[in-house]
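Asker: The structure is given below, and queries will be raised subsequently.
The values are calculated or read from the model by the stated rules, or taken from the named source; none is laboratory data. Values in this document were obtained by computation on a predicted structure and should not be read as measured data. Methodologically, a virtual Cβ is constructed for each residue, glycine included, from the backbone with ideal geometry; neighbour enumeration extends over all protein chains shown. Protein only, heavy atoms only, side chains kept; ligands, DNA and RNA dropped before computing areas. Shrake-Rupley method; radii C 1.70, N 1.55, O 1.52, S 1.80 Å.
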Amino acid sequence: QVQLAESGGGLVQAGGSLRLSCVVSGSFFTFLGVDWFRQAPGKQREFVASITSRGSTNYADSVKGRFTVSRDNAKNTVYLQMNSLKPEDTAVYYCHAKPARDYWGQGTQVTVSS
């Protein structure tokens, strides 16, 4: 059983920064890849970034150069550092893992005002 819990969302002005955290329960965190997705109102959930168990990262084109995903295995936590935020980054952000099936967190709201 895997549980994921996001935090760190909020309201920020365009150009600002936020850091999201995803705490993952379970003793096998070091073997898990974790992804970040987001869903804006009226839109489909979309991929944002991922980090493998070895620390390799991948990003959606829309966030490359602005967002950075990282992990701290000692804290069972994956981070999403978001810089130069834009109004179009407004969404609910979810973390996701799939050790055998899909597990999702409850999401955290990010709102970027213009």
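Asker: If each of residue 114 and residue 68 carries a label point 7 Å out from its Cα toward its Cβ, how far apart are those two points in nm?
Answerer: It is 2.9 nm.
Asker: If amide hydrogens are placed 1.01 Å from N in the peptide plane, which non-local residues have theirs closer than 5 Å to the one on residue 86?
Answerer: Amide H neighbours of residue 86, under 5 Å, 5+ apart: 15.
Asker: Using a probe of 1.4 angstrom, how much of the accessible area of the range 6-114 is carbon and sulfur, in percent?
Answerer: 48 percent
Asker: Something else about it: Of 36, 56, 14, which is farthest along the charge dipole of the chain in the positive direction, counting Lys and Arg as +1 and Asp and Glu as -1 at C-beta?
Answerer: 56
Asker: Compute the normalised compactness of the chain: alpha-carbon radius of gyration over 2.2 N^0.38 Å, N being the residue count.
Answerer: 1.00
Asker: Ordered by residue, what ³J(HN,Hα) values in Hz, to whole numbers, does the range 104-114 give under the Karplus form 6.51 cos²θ - 1.76 cosθ + 1.60, where θ = phi - 60° and Gly and Pro are x?
Answerer: Each residue's phi maps through the Karplus curve to give 10, x, 7, x, 9, 7, 10, 10, 10, 8, 8 Hz.
Asker: Under a Cβ-only charge scheme (Lys and Arg +1, Asp and Glu -1), can you give me the dipole magnitude of the chain about the Cα centre, in debye to the nearest 20?
Answerer: Approximately 140 debye in magnitude.
Asker: According to the Cα gyration tensor, what semi-axes, each the square root of 5 times an eigenvalue, does the equivalent ellipsoid of the range 73-114 have, listed from largest to smallest in whole Å?
Answerer: The three semi-axes for the range 73-114 are 25, 14, 8 Å.
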